[in-house]
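Q: Structure in structure tokens, see below.
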Amino acid sequence: MSLWLTHPLFLPSLVVVVTILLWATSLLPEFTTALLFFTVAMVAKIAPPEVIFGGFASSAFWLVFSGFVLGVAIRKTGLADRAARALSSRLTDSWPLMVSSVVLLSYALAFVMPSNMGRIALLMPVVAAMAKRAGILESTRAWYGLALAVGFGTFQLSATILPANVPNLVMSGAAEGSYGIHLNYLPYLLLHTPVLGWLKGTLLIILICWLFPGKPHAPRDLTPLPPMSHDEKRLAWMLAVVLVMWVTESWHGIGPAWTGLAAAAITLLPRVGFITGEEFSSGVNTRTCFYVAGILGLANVVTQTGIGSAVGEALLQVMPLDPQRPFTSFLALTGITTALNFIMTANGVPALYTTLAQSFSEATGFPLLSVIMIQVLGYSTPLLPYQASPIVVAMALGKVPARMGLLLCLALAIATYLILLPLDYVWFNVTGNL
């Protein structure tokens with residue numbers, strides 16, 4: 001026992017495990033757990049400050065922050081309600097149609113907008129206004145379903161589009177840095193879209209309609225909208241510029257986070273902007289910002305302290321990887337990704353898994369590129385909401401209770417592993433990747 005206590009990874013592992021348990025069980029508010037993590041990690045000196053607080057320097061944190069600011073402006077100017085009126089007149093005839101439309105819109109936007117957080121920030125106020133017009137009130141089970149449709153549709157389905165998801169970009173960078181493998185857009189899309197895009201989207205719609213039933217009615221306010229106000233026009237033009245900057249990132253090199261931050265700063269400027277300091281204080285959810293920073297900081301600590309590598313090597317020793325049993329090996333590699341998701345969250349998993357891919361390839365007999373691709377199903381299917389920060393943000397914006405997010409996470413994960421995993425294995429074989 002004394003050997004365990006003196007092991008250099010004992011204290012960091014204890015801090016990480018307790019933090020994860022608190023997030024998973026919601027015994028404390030999520031942001032309180034994040035603050036406790038920062039405090040204990042610094043007092044115990046388990047990692048340097050720049051690692052523990054690295055989440056505040058990440059682009060994901062600033063995308064969350066700027067998304068909240070832009071969301072407040074979209075709601076205040078009336079732009080959200082205008083967009084919602086245009087959508088609700090056509091998409092609220094039935095609950096399956098309404099849920100399908102939100103999921104499809106979340107997925108379609110991923111093809112032109114590279115940031116999960118940015119998409120959620122733009123969609124959530126529009127969906128909220130659309131729900132209100134259809135008689136779906138906040139804090140009802142039906143509203144929770146729509147909010148989760150935005151979060152799950154945005155994060156899980158965008159994993160099939162290479163530049164639309166942070167874990168995808170981490171995987172791409174790690175594959176290129178470790179093995180010189182450059183992932184291409186169209187082959188990646190072809191490999192993942194049929195199963196993890198179309199079929200998973202269908203499963204998501206079915207589960208939301210079943211677990212979160214709703215009865216929308218046709219919009220009763222049929223009065224025509226007044227012409228766009230001056231502020232609406234200015235904000236619409238600014239959002240159009242932001243969207244163009246996001247889509248053309250590969251040309252100008254300015255990351256989506258910094259484009260969003262610039263737009264948020266303009267939004268807050270006196271006379272020029274759209275919201276006041278008081279509206280900023282009441283509308284921007286700093287609790288979620290701290291939570292996201294905590295998740296990212298935890299992933300940094302796991303990587304920098306060596307906990308992730310130790311867990312990865314241990315899993316390599318115990319998992320049934322055998323060239324003679326390809327389906328078992330496929331299942332085991334997905335299981336490894338799922339296990340890593342508990343300690344590193346979705347953004348951190350590809351960084352570690354990809355560096356171990358050569359060992360996995362030798363143990364299974366699968367091509368190296370295929371081993372790298374197998375992880376997508378695992379990290380895009382969280383078992384708990386904290387494992388995917390975009391889902392956390394969507395839940396915060398929609399004020400969705402943790403138990404509701406957990407319910408859909410578990411239901412979709414079970415359906416994915418029972419139904420989609422075997423189909424994904426078949427599709428890998430059909431496309432010649434195994």
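Q: Per residue of the chain, what 222 nm ellipticity follows from adding -39500 (n - 2.57) for every DSSP H run with n ≥ 4, rounded to the nearest 500?
A: Helix contribution divided over all residues of the chain: -23000 deg cm²/dmol.
Q: Output wanted: per-residue J couplings in Hz (rounded whole) for the stretch 322-337, from phi through Karplus 6.51 cos²θ - 1.76 cosθ + 1.60, θ = phi - 60°, x for Gly and Pro.
A: Once rounded to whole Hz, the list reads 8, x, 7, 10, x, 5, 4, 5, 4, 5, 5, 5, 5, x, 4, 4.
Q: Pick out which of Ala147, Ala363, Ala164 has the largest mean-square fluctuation in a Gaussian network model of the chain, springs linking Cα atoms closer than 10 Å.
A: Most flexible of the set in this elastic network: Ala363.
Q: A further question follows. Cross-link candidates for Lys76: which lysines have Cα within less than 21 Å, leaving aside residues fewer than 8 places away along the same chain?
A: The reachable lysines, counting only those whose Cα sits under 21 Å from Lys76, are Lys132, Lys233, Lys399.
Q: Using a Gaussian network model of the chain with C-alpha springs under 10 Å, which one of Leu196, Leu35, Leu261 is most mobile by mean-square fluctuation?
A: Leu35
Q: For the chain, give the magnitude of the charge dipole about the Cα centre (Cβ charges: +1 Lys/Arg, -1 Asp/Glu; no others), in debye to the nearest 20.
A: In debye, rounded to 20, the chain gives about 1120.
Q: To one decimal place, what orientation-averaged projected area in nm² is obtained for the convex hull of the Cα set of the stretch 153-281?
A: So the mean shadow area of the Cα hull is 13.0 nm².
Q: Over the chain, give the accessible area per residue in Å² for a 1.4 Å probe, as an integer.
A: On a per-residue basis, the chain sits at 42 Å².
Q: Please turn the phi angles of the stretch 181-195 into ³J(HN,Hα) values with the Karplus equation 6.51 cos²θ - 1.76 cosθ + 1.60 (θ = phi - 60°), one per residue in order, whole Hz, x for glycine and proline.
A: Each residue of the stretch 181-195 in turn: 8, 9, 7, 9, 4, 5, x, 5, 4, 5, 5, 9, 5, x, 8 Hz.
Q: Highest mean first, what order results for 412-421, 318-327 on Cβ atoms within 10 Å?
A: 412-421, 318-327
Q: May I ask you to compute the full-extension gain from Thr328 to Asp93, defined as 0.36 nm times their residue separation minus their alpha-carbon distance, rounded to one decimal in nm?
A: Additional length available on full extension: 80.1 nm.
Q: Let me ask something additional. Put +1 on the Cβ of every Lys and Arg and -1 on every Asp and Glu Cβ in the chain; which of Leu239, Leu412, Pro96 then has its Cα farthest towards the positive end of the dipole?
A: Pro96
Q: Then there's this: Express the carbon and sulfur contribution to the solvent-accessible surface of the chain as a percent, rounded to the nearest whole number, probe 1.4 angstrom.
A: 69 percent
Q: For the stretch 124-130, what does the Karplus curve 6.51 cos²θ - 1.76 cosθ + 1.60, with θ = phi - 60°, yield as ³J(HN,Hα) per residue in whole Hz, taken in order and with x for Gly and Pro?
A: 4, x, 5, 5, 4, 5, 5
Q: Okay, next question. Between Val318 and Glu279, what FRET efficiency comes out of the Förster formula 1/(1 + (r/R0)^6) with R0 = 45 Å and r the beta carbon distance, rounded to 0.05?
A: For Glu279 and Val318, the calculated efficiency is 0.25.
The values are calculated or read from the model by the stated rules, or taken from the named source; none is laboratory data. This is a predicted model, so every value here is computed, not measured. As a convention, Cβ positions derive from the backbone with ideal geometry for all residues, glycine included, and neighbour counts pool all protein chains shown. Keep in mind that these areas ignore ligands, DNA and RNA; they rest on the heavy atoms of the full protein, side chains included. Shrake-Rupley method; radii C 1.70, N 1.55, O 1.52, S 1.80 Å.
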